[in-house]
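Participant: I'd like to ask some things about the structure below.
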């Protein structure tokens, strides 16, 4: 499942964000970006062991925009054309090496992450997403199923050759990606702080929900009873 | 904005509108000509699971007999450019790679190129998401060096050229037909099996953009708006679906 992390539920993901900070290390821009503002949203995916395997940050560009503020020359039509309440900027993208290959499982999971970003954008009234895409990974961006167009000429941002691109987040683009991936129901998970049971970790909740989806109600009830009993035993001991 | 920068932006915009490989090649030619290049070649260097046998897919500008000799004598076996493409993630020039030529025969390749009038070349590696390796070789008869801004522009332009050109080339190989074509039938078959576009592309050995194009054509011909409706619509039409990959 794909976790949507906002200011409201970020406290549930403290351990995961610490782990990402350790992975990124030092004073990298990505690490500084983890202490995001109230309007920021993170899309997070955890591997089978609960470790972060993908994260990216999305900010409304009328609030903050790294492209407009630090590299406006990369937007040919002018930096103001990418600022607005219906535009997100995607930054601080981290993907674990295991997610970055041509293997079928990696490809499927990357497709689901991209679809989740578009679906979340649609729900929040976002019409387009901009980002500074690294030039040496531009083919992946062009072939990922997103509808991508270029905003300007390539240049350097923090010493890295990048090119500003715009990702179409319209209903047509989202439906097209959903079709091309032959995707099932949305895999997004919006955990609410204060409603999660027995201080379970996000991965534990995700695992439980995925298992519950595959069980019919006759098996789900006994499972819930057994889990409650186990938690009560833990609490007593 | 310089003419070269304007030409690059124009190419970026033209790529989305190009409906044929010829249009794309002409547009790319105008872009690289503004940067001092006179010829370009897009090569498929390697495909996962297959022997390395570089092959020219499409080109722009005057070609020389060297291309035929390169293929017939399999000169790619000694060409240090081909070896460098696999590990390079940014464009490199012939000058930079020539110093790594290990044998006199390999060094002679660059002499042969210069004998055709070329002064220097820029090689832009294009690494596909499924492990395929392509390269766009840009040849200049006038420029000896390529500054970093030119390399960055050519890297992005070459990636667009190779990616979009491959899709247009695959589409051109399919003649238009009023009934479902063989490829369209194959795509509908695998949709019925629950496959995504890129999975179908891997099965049929075509790009996922080409798969999406076949699916769009099949939807129009069968009069449906959603992909999931294709198998039933094909069945009602009496189309026999099978998985033959021929």
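The values are calculated or read from the model by the stated rules, or taken from the named source; none is laboratory data. These numbers come from a predicted model, not from an experiment. Virtual Cβ from ideal backbone geometry, glycine too; neighbours counted across all protein chains shown.
Participant: crowded, with 21+ Cβ neighbours inside 10 Å and on the phi < 0 side of the Ramachandran plot: which single residue out of A:89, A:123 fits that description?
Facilitator: Sole residue among the options that is crowded, with 21+ Cβ neighbours inside 10 Å and on the phi < 0 side of the Ramachandran plot: A:89.
Participant: Take residue B:185 and tell me if it is away from chain A (no Cβ under 14 Å) and part of a helix (DSSP H, G or I). Break it down into steps so the answer makes sense when it comes.
Facilitator: On the way: away from chain A (no Cβ under 14 Å): yes; part of a helix (DSSP H, G or I): yes.
So residue B:185 passes the test.
Participant: Out of A:180, A:109, A:187, which single residue is more than 9 Å from chain B (Cβ to nearest Cβ) and buried (at least 19 other Cβ atoms within 10 Å of the Cβ)?
Facilitator: The conditions single out A:109.
Participant: Moving on to the next point. Would you point out which residue out of B:37, B:11 is under 20 Å from residue B:146 (Cα atoms), assigned by TED's automatic domain parsing to the domain that holds residue B:160 and part of a loop (DSSP other than H, G, I, E, B)?
Facilitator: Values: B:11 fails: part of a loop (DSSP other than H, G, I, E, B).
After applying the criteria, what remains is B:37.
Participant: Continuing with this model, one more query. Can you find even one residue in the range B:144-151 that is facing another protein chain (nearest Cβ under 10 Å), without any contact (Cβ under 8 Å) to a residue 40 or more places away in the chain and outside any loop (DSSP other than H, G, I, E, B)?
Facilitator: As a first pass, look at the range B:144-151 and keep what is facing another protein chain (nearest Cβ under 10 Å): B:148-149, B:151.
Within this subset, residues satisfying the condition of being without any contact (Cβ under 8 Å) to a residue 40 or more places away in the chain are B:148-149.
When the remaining residues are screened for being outside any loop (DSSP other than H, G, I, E, B), the result is B:148-149.
Yes: the range B:144-151 contains one or more residues that are facing another protein chain (nearest Cβ under 10 Å), without any contact (Cβ under 8 Å) to a residue 40 or more places away in the chain and outside any loop (DSSP other than H, G, I, E, B).
Participant: Can you name the residue in the range B:96-117 that is touching a residue at least 40 places away in the same chain (Cβ under 8 Å) and either crowded, with 21+ Cβ neighbours inside 10 Å or assigned to a helix (DSSP H, G or I) (or both) and, of all such residues, is nearest to the chain's Cα centre (by Cα)? Spell out how you get there, then give the answer.
Facilitator: So the first thing to find is which residues in the range B:96-117 are touching a residue at least 40 places away in the same chain (Cβ under 8 Å), and the list is B:112-113, B:116.
Now drop any that are not either crowded, with 21+ Cβ neighbours inside 10 Å or assigned to a helix (DSSP H, G or I) (or both), which leaves B:112-113.
Values: B:112: 25, B:113: 22 Å.
The residue in question is B:113.
Participant: Looking only at the range B:203-230, which residues are part of a helix (DSSP H, G or I), within 12 Å of chain A (Cβ to nearest Cβ) and surrounded by fewer than 19 Cβ atoms within 10 Å (Cβ to Cβ)?
Facilitator: Correct list: B:203, B:216, B:228, B:229.
Participant: Given B:168, B:160, which one is modelled with pLDDT of 90 or more, within 11 Å of chain A (Cβ to nearest Cβ) and either closer than 30 Å to residue B:9 by Cα or buried (at least 19 other Cβ atoms within 10 Å of the Cβ) (or both)?
Facilitator: Numbers: B:168 fails: within 11 Å of chain A (Cβ to nearest Cβ).
Of the residues listed, the single one that is modelled with pLDDT of 90 or more, within 11 Å of chain A (Cβ to nearest Cβ) and either closer than 30 Å to residue B:9 by Cα or buried (at least 19 other Cβ atoms within 10 Å of the Cβ) (or both) is B:160.
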